[in-house]
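What follows is one structure encoded as structure tokens, with my remarks underneath.
The values are calculated or read from the model by the stated rules, or taken from the named source; none is laboratory data. Not measured: the values here are computed from a predicted model. When we count neighbours, we look across all protein chains shown, and the Cβ atoms used for this are built from the backbone with ideal geometry, even at glycine. Each accessible area value is taken on the protein alone, full model and side chains, heavy atoms only, with ligands, DNA and RNA left out. Shrake-Rupley method; radii C 1.70, N 1.55, O 1.52, S 1.80 Å.
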Amino acid sequence: MKHWSPLFFSILIFSDIFFCRTLSESVTPEEAKQLRDEVHEMFYHAFNGYMEHAFPLDELKPLSCEGEDTLGGYALTLIDSLDMLALLGDRERFTESVEWISKNVRFDINKTVSVFETTIRILGGLLSAHLIASDYATGMKIPSYDDELLHLAEDLARRLLPAFDTPTGIPFGSVNLLHGVDENESKVTSTAGGGTLTLEFGVLSRLTNDPIFEQVTKNAVRGLWARRSKINLVGAHIDVFTGEWTQKDAGIGTSIDSFYEYLLKAHLLFGDEEYLFIFQEAYEAAMRYLYTDPWYVEVNMNSAALVWPLFNSLQAFWPGLQVLAGDIDPAIRTHAAFFSVWTKYGFTPEGFNLATLGVQHGQKSYPLRPELIESTYWLYKATRDSRYLDAGRDMVASLQYGARCTCGYCHISDVEFHKQEDHMESFFLAETVKYLWLLFDLAAGPDNLVENGPYNYIFSTEGHLLPLTPQISLVREHCSYLGAYCKSSHMRQKSYTSDISMDSQETNGTRLYKGSVSTSFASDSSSQKFTSASGLIKGVCPGLTHGQKFGISYVASPTHEDGSSDERETTMVQNHPVEVVASPPPQHSQADVQKDDENAEKPSEGRSESHSPEN
């Protein structure tokens with residue numbers, strides 16, 4: 001049981017009362033159609049503004065109607081927008097864009113780029129567009145298309161691979177596309193930056209039949225999880241060489257958020273049980289130590305002592321993730337709390353202090369983030385409750401009256417005064433308007449690739465569409481049944497061989513539904529430990545621990561306070577080379593955990609390396 005002060009509880013109770021409001025009349029089906037059309041116009045106002053005033057530079061400056069290179073100088077916003085063009089059924093613009101990128105974009109350039117941002121925006125955008133453009137079943141196949149985007153994606157990913165050459169397997173934060181990692185590159189990266197690469201790299205491995213991309217990103221996740229605390233929390237920043245946590249604040253927002261997201265989504269997309277086990281343990285710990293109904297706080301990863309009673313805008317993806325995990329009730333309550341901040345200011349500030357009930361100093365901006373809108377879409381999809389349409393309507397109104405500017409949509413530099421800033425991140429087109437459009441199209445009677453197309457889709461953390469096609473999701477079963485997807489290369493095929501059995505589209509309590517996914521497991525962390533697969537994993541004895549099954553155990557800190565260090569041994573568990581502590585640490589109860597006196601330094605404001613902004 002957490003020990004929060006009575007004052008803190010009174011603050012939470014007061015905040016619920018403080019934010020109560022009477023909703024306006026609910027959105028009707030006819031109004032949903034009008035709102036869908038309005039969001040359609042919002043997309044083209046911003047997209048056309050970019051194409052006319054900024055292309056082929058990376059991003060639009062919507063107030064001055066100019067362009068700027070912000071990531072690598074390769075038409076970032078166009079690549080990030082490709083699958084949205086397809087989702088809207090704009091065959092002409094989609095085809096023109098794919099053809100231009102195929103002929104003009106190259107990655108053999110002397111540019112140092114963020115591994116995280118380049119993966120989720122560029123690599124994800126190219127792969128999603130490739131999967132749409134190359135498949136007749138999507139209705140958007142381009143007849144002349146010959147896998148050009150896939151070749152670009154593979155070239156880009158190979159240029160990112162040097163970042164993974166570290167002792168821990170956790171990648172550097174940045175890499176030069178021509179020369180590799182600079183000798184002066186920082187050895188510290190965020191948890192999200194190292195753990196939010198599995199979807200894009202995993203899809204690429206399955207499309208190219210080369211396992212290296214999937215292997216390095218899976219090793220990065222293992223490297224992070226092996227260094228979790230004894231209460232299964234991870235910190236915000238880590239040294240990729242020593243494995244030491246340089247910032248030990250644990251939370252679900254800045255610098256960590258999409259680490260959780262990709263654990264569940266990698267399982268759903270690839271059917272990999274290892275990701276599910278890690279997610280279940282990580283989720284259980286998050287709900288036990290970070291959740292103060294309906295808010296989430298940041299705590300020390302070792303002691304669970306409260307560090308920051310702060311809502312930051314990147315936390316807002318969490319209710320949507322809970323929908324995918326099948327944990328709806330807390331998602332509803334948390335979304336209501338987060339949305340109350342939006343209604344207070346018209347936008348969500350980067351930071352909202354739960355103790356003062358005001359905007360956190362230095363975190364007053366709203367950079368057009370999609371996270372709260374994303375969760376609104378998923379909760380409406382799960383519940384069909386009209387309150388989420390009402391919330392979507394309020395969000396459209398805020399964007400239209402507060403953020404719309406000359407050539408696109410502007411960052412809000414101060415949510416209290418709605419001051420506009422001359423910048424528009426590419427994720428506004430890739431995600432923010434995408435989730436709004438999907439929300440209202442769903443209410444109006446869906447007619448789109450996600451709801452009516454041939455596949456179930458997983459959304460990447462940048463909102464890119466990744467389909468559960470046999471080539472991607474059933475590759476572990478190839479040749480096990482007539483008509484299965486099967487490559488000719490025996491050696492590479494062997495690298496994907498798995499002892500995990502999947503019946504139809506159901507595995508270990510996970511069921512896939514058209515356009516949505518639900519994973520059911522007990523939310524009462526005190527009553528169940530998620531360490532056995534109940535016989536669903538062939539060849540593994542029931543009762544083995546997670547670490548015994550997958551070889552993911554604790555890695556001791558390099559040194560202790562007294563200067564001593566643990567001797568480690570290398571062993572093989574299920575054919576995975578892993579580093580384990582010679583004597584496994586005991587599992588501590590929460591009552592045994594002592595308060596850590598460390599005061600971790602907070603990161604500066606800005607896009608975190610987790611979901612979009614370098615979080």
For the pair Phe241 and Asn110, what calculated FRET efficiency results from E = 1/(1 + (r/R0)^6), where r is the Cβ-Cβ distance and R0 = 22 Å, to the nearest 0.05? 0.30
Compute the FRET efficiency between Leu357 and Cys65 as 1/(1 + (r/R0)^6), taking r as their Cβ-Cβ distance and R0 = 41 Å, and round to the nearest 0.05. 0.60
Here the gain from full extension of Gln215 to Asp414, 0.36 nm per residue of separation minus their alpha-carbon distance, amounts to 67.4 nm
Interchain or sequence-distant (5+) residues whose placed amide H lies within less than 5 Å of the amide H of Glu298 are Val307, Trp308, Leu310
Multiplying the sequence separation of Tyr136 and Thr28 by 0.36 nm and subtracting their Cα-Cα distance, what value in nm do you get? 35.4 nm
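May I ask you to compute the full-extension gain from Asp155 to Asp37, defined as 0.36 nm times their residue separation minus their alpha-carbon distance, rounded to one decimal in nm?
Net length gain for the segment: 38.7 nm.
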Nearest 0.05, what FRET efficiency do Tyr291 and Asn48 give at R0 = 45 Å with Cβ-Cβ as r? 0.60
Taking the alpha-carbon centroid of each part, what is the distance from segment 214-262 to segment 89-121 in angstrom? 29
For Asn110, net neighbour charge (Lys/Arg +1, Asp/Glu -1) across residues whose Cβ lies under 14 Å away: 0
Return the carbon/sulfur percentage of the accessible area of segment 265-339, one whole number, probe 1.4 Å, all protein chains in place. 55
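Stokes-Einstein D for segment 277-323 at 20 °C, 1.002 mPa s, Kirkwood Rh over Cα pairs, in µm²/s?
188
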Reciprocal of mean inverse Cα separation for segment 163-305 (Kirkwood radius, Å): 15.4
So which trypsin sites (Lys or Arg not before Pro) in segment 34-129 are both in a DSSP loop and have at most 14 other Cβ atoms within 10 Å of their Cβ? Arg106
Rounded accessible area per residue of segment 145-296, 1.4 Å, Å²: 24
Rounded to whole Å², per residue accessible area for segment 70-111 with a 1.4 Å probe reads 37
Please list, in chain and number order, the residues 5+ apart from Gln360 or on another chain whose amide H is under 5 Å from its amide H, with Hs placed from the backbone. Gly351, Phe352, Asn353
